[in-house]
Amino acid sequence: MAKVFLRSFYPYPTRAVVAPRQKKQTVSCAEEWRKFEELLKACLGELGHEVIEQQAHPETPDRPHDARVKIYAHKTRRDAQGDLFYKQMHLPELLTIDRDGWGAEHSGMQTPPDLSGISRARAADFVASLRANYLEAGISKHPQPARGLARALPDDYIFIPTQTPRDYVQLHHAPITVLNFIRLLARWAGERKQHVVFKLHPGLRPSSDDEIIRAVHECVGPGGYVHCVEANIHDLIAGARGVFTINSGVGFESLIHGKPVATFGNCDYKWVTFHAHAGNLDEARAFVRDYSDEQRCRAEAFLFHYFFQHAYSVAGEHVASSRQRLKDYLARALAP
């Protein structure tokens, strides 16, 4: 058995920008990280490994104490010389662990997953239940205003969640910058008379991201086809005809809502989205308008696969199955 060095998640203070005078729902992402880490340590212990955990500010050097195996939170192989890497994904309760990293770098998402063995009826029921839960709670990975505060919006709009330019997926998996993405879609919306609704990411900082915030607001008004709304993410997704995103986790949430999604960057859920770029925006809109039941069923099967074969849920009813799958995975991954 091995001595395992675990560089666990360091919980930074939350920096959320929420409109004043609006009640907001919050979710403790740090709590979900700790639930997974307790599960991880328990599985490693049951397999006979000695765990040396270090939870410290990222600038603190590693103290591995000659551990044979190194496991890192919130990193990939490009960031650290480790053996396994884990990360909270698109929903607070979902985490993945892998030898290469997470998201688009996860070894299990380099090719389309095999969805042939998944019952369509079971997948549809699961996604419908998940959608109902999120609509009722109104929570997301980032703090949200209460549901029901969105103003009336035009029919047939495309929802466009913005991202932060510092995000790892933006730095390493996006062929277009956040600023250029905003300008591209605002210009296209005016030319095609297509209503689009932007929502500013709650992590945007007025001090360093002023150009992005200003670009969105400057696009609103002229022509009347570009809107910016501060409302609950689930209200904005539910009311949209479809969603355009670079590679935000909101795209994953939109699949739960049964919405067609066009992605402009690399992400782990790209296998059930339209691959968009500056030259095929009209085709992306056609994908949204012509989204078929077959495409929606495939997205539901993908979500089922993601929850029960790819990621590990720390939600109460799924912990037992996650624990067994995680233990089996670690036994294989850490075999001498």
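The values are calculated or read from the model by the stated rules, or taken from the named source; none is laboratory data. As the structure is a prediction and not an experimental result, all values here were calculated from the model. Virtual Cβ from ideal backbone geometry, glycine too; neighbours counted across all protein chains shown. In case anyone asks, the SASA skips ligands and DNA or RNA and just uses the protein heavy atoms, side chains included. Shrake-Rupley method; radii C 1.70, N 1.55, O 1.52, S 1.80 Å.
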Cα→Cβ-extended label distance, 7 Å offset, between residue 59 and residue 149, nm: 3.5 nm
message: Based on Cα coordinates alone, diagonalise the gyration tensor for the chain, multiply each eigenvalue by 5, take square roots, and list the semi-axes in whole Å, largest first.
response: 35, 22, 18
message: Accessible area per residue for the stretch 217-336 in Å², computed with a 1.4 Å probe and the full protein assembly in place, what is it?
response: 37 Å²
message: Net charge within 10 Å of residue 243 by Cβ-Cβ distance, Lys/Arg positive one each and Asp/Glu negative one each, not counting residue 243 itself?
response: +1
query: How long is the gain from residue 78 to residue 110 if the chain were fully straight, where each residue apart is worth 0.36 nm and the alpha carbon distance is subtracted?
result: 9.9 nm
Surface accessible to a 1.4 Å probe, residue 38 within the full protein complex, Å²: 100 Å²
message: Output the 0 to 90 degree angle, nearest 10, between the alpha-carbon long axis of helix 319-333 and the longest principal axis computed from the alpha carbons of the chain.
response: 60 degrees
- prompt: For helix 178-192, what angle does its Cα long axis make with the longest principal axis of the chain, in degrees from 0 to 90 and rounded to 10?
  reply: 30 degrees
- line: Across 10 Å bins beginning at 0, the whole-percent shares of Cα-Cα pair distances in the stretch 227-319 come to 16, 46, 30, 7, 1
query: Among 189, 287, 272, whose Cα lies farthest out toward the positive end of the dipole of the chain, if unit charges sit on the beta carbon of Lys, Arg (+1) and Asp, Glu (-1)?
result: 189
query: Can you give the accessible area of residue 275, probe radius 1.4 Å, in Å² rounded to 10?
result: 100 Å²
message: With the alpha-carbon atoms as the only input, what is the per residue convex hull volume for the stretch 123-212 in Å³?
response: 163 Å³
query: Which lysines, on any chain, are close to residue 70 with Cα under 28 Å apart, when same-chain ones fewer than 8 places away are left out?
result: 3, 35, 41, 87, 141, 327
- request: Mind putting a number on the dipole of the chain about its Cα centre? Charges go on the C-beta only, +1 for Lys and Arg and -1 for Asp and Glu, and I need it in Debye to the nearest 20.
  value: 300 debye
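Calculated FRET efficiency, residue 1 and residue 137, Cβ-Cβ r, R0 51 Å, to nearest 0.05?
0.80
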- prompt: Longest exposed-loop-site-free stretch of the chain, with trypsin sites (Lys or Arg not before Pro), DSSP loop and at most 11 other Cβ within 10 Å?
  reply: 194-336
field: Nearby aspartates and glutamates by direct alpha-carbon distance to residue 199 (threshold 16 angstrom, same-chain neighbours under 8 apart not counted)
entry: 209, 210, 211, 218, 230, 235, 253
task: Rank these by accessible area, largest first, 1.4 Å probe: 195, 217, 90.
output: 217, 195, 90
message: Need one number: convex hull volume per residue for the stretch 62-143, Cα atoms only, in Å³.
response: 138 Å³
task: Could I have the simple spin-label model distance between residue 294 and residue 271, label points 7 Å from Cα toward Cβ, reported in nm to one decimal?
output: 1.9 nm
- request: Could I have the simple spin-label model distance between residue 286 and residue 192, label points 7 Å from Cα toward Cβ, reported in nm to one decimal?
  value: 1.1 nm
query: Pairing the Cα long axis of helix 29-46 with the longest principal axis of the chain, what angle in degrees results, from 0 to 90 and rounded to the nearest 10?
result: 30 degrees
